[in-house]
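Quick notes on the structure that follows.
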Amino acid sequence: MREKLRELEERRKRVGERLTDVGDMRQGSVYERFSKCGKGGCRCASDENYLHGPKVTLTKKVNGKTVLRTIPKEAVELTKGQIGKFQEFRRLSQAFLAVN
């Protein structure tokens, strides 16, 4: 029994240390979208196959509503990395709760 308790405490300690090392994170999903601008003289108005884009968008839920935010091209890889860190955080949090 004591060995099992020590093993669980050690596992909790390791998971806790990994939790503190996760770093910057961001919740949401990243995707590319294409759209029409709505201007009458634009190519997208006369050519049904033409769309503007891609625009990279971060989507997430805030107070039960979906929020979209356009991500600048230079920040796309950083944002994807932060989303990966959030997924790691969630996985580690579940592991920490399971050990407790």
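Magnitude of the Cβ-charge dipole of the chain, K/R +1 and D/E -1, about the Cα centre, nearest 20 debye?
Values: 23 positive and 13 negative charges, 65 e Å.
Here the chain has a charge dipole of around 320 debye.
Kindly rank 20-27, 83-90, 34-41 from highest to lowest mean number of other beta carbons found within 10 Å of each residue. Don't skip to the answer; put the middle values down first.
Working: 20-27: 12.1, 83-90: 15.1, 34-41: 9.8.
Packing order, densest peptide first, comes out as 83-90, 20-27, 34-41.
Based on alpha-carbon atoms only, what is the radius of gyration of the chain relative to the globular estimate 2.2 N^0.38 Å?
My calculation over the Cα atoms of the chain gives 1.70.
For a quick check, take a GNM of the chain with Cα springs below 10 Å and name the residue from Glu74, Glu32, Glu48 with the largest mean-square fluctuation.
Most flexible of the set in this elastic network: Glu48.
Rounded to whole Hz and in sequence order, give me ³J(HN,Hα) for the range 47-52 from the Karplus expression 6.51 cos²θ - 1.76 cosθ + 1.60, θ = phi - 60°, writing x for Gly and Pro.
After applying 6.51 cos²θ - 1.76 cosθ + 1.60, I find 10, 5, 8, 9, 9, 7 Hz.
Per-residue ellipticity at 222 nm for the chain, helices alone: DSSP H runs ≥ 4 residues times -39500 (n - 2.57), over residue total, nearest 500 deg cm²/dmol?
On the way: 3 runs with 47 residues, N = 100.
Helices in the chain give a 222 nm mean residue ellipticity of -15500 deg cm²/dmol.
Could you work out what % of the accessible surface of the chain is carbon and sulfur, using a 1.4 angstrom probe and leaving DNA, RNA and ligands out of the count?
Values: 3870 of 7920 Å².
Using a 1.4 Å probe with all protein chains present, the chain comes out at 49 percent carbon and sulfur.
Would you mind working out the accessible area per residue for the chain, using a 1.4 Å probe, and quoting it in Å²? Could the numbers behind the result be given before it?
On the way: 7920 Å² over 100 residues.
About 79 Å² of surface per residue is accessible.
Assuming R0 = 41 Å, what is the FRET efficiency of Ser46 and Arg69, from their Cβ-Cβ distance, to the nearest 0.05? Don't skip to the end; give the middle numbers.
On the way: r = 30 Å, r/R0 = 0.74.
It comes out at approximately 0.85.
Calculate one ³J(HN,Hα) per residue across the range 70-80 by plugging θ = phi - 60° into the Karplus curve 6.51 cos²θ - 1.76 cosθ + 1.60, and present them in order as whole Hz with x for glycine and proline.
With coefficients 6.51, -1.76 and 1.60, one gets 6, 9, x, 3, 6, 10, 5, 5, 4, 4, 4 Hz.
Considering only C-alpha atoms, what is the centroid distance from the range 1-65 to the range 75-94, in Å?
Computed from Cα coordinates, the inter-centre distance equals 8 Å.
Rounded to the nearest 10 Å², what accessible area does Arg6 have for a 1.4 Å probe in the complete protein model?
150 Å²
Within the set Lys55/Lys80; Lys36/Lys65; Lys13/Lys85; Lys39/Lys73; Lys61/Lys85, which residue pairs have Cα atoms separated by over 22 Å?
Numbers: Lys55/Lys80 15 Å; Lys36/Lys65 24 Å; Lys13/Lys85 19 Å; Lys39/Lys73 24 Å; Lys61/Lys85 18 Å.
From Lys55/Lys80; Lys36/Lys65; Lys13/Lys85; Lys39/Lys73; Lys61/Lys85, over 22 Å: Lys36/Lys65; Lys39/Lys73.
The values are calculated or read from the model by the stated rules, or taken from the named source; none is laboratory data. These figures come from a predicted structure and were not determined experimentally. So basically every Cβ, Gly included, is an ideal-geometry build from the backbone, and we count neighbours across all protein chains shown. To get the accessible areas, we keep the full protein, side chains included, count just its heavy atoms, and leave off ligands, DNA and RNA. Shrake-Rupley method; radii C 1.70, N 1.55, O 1.52, S 1.80 Å.
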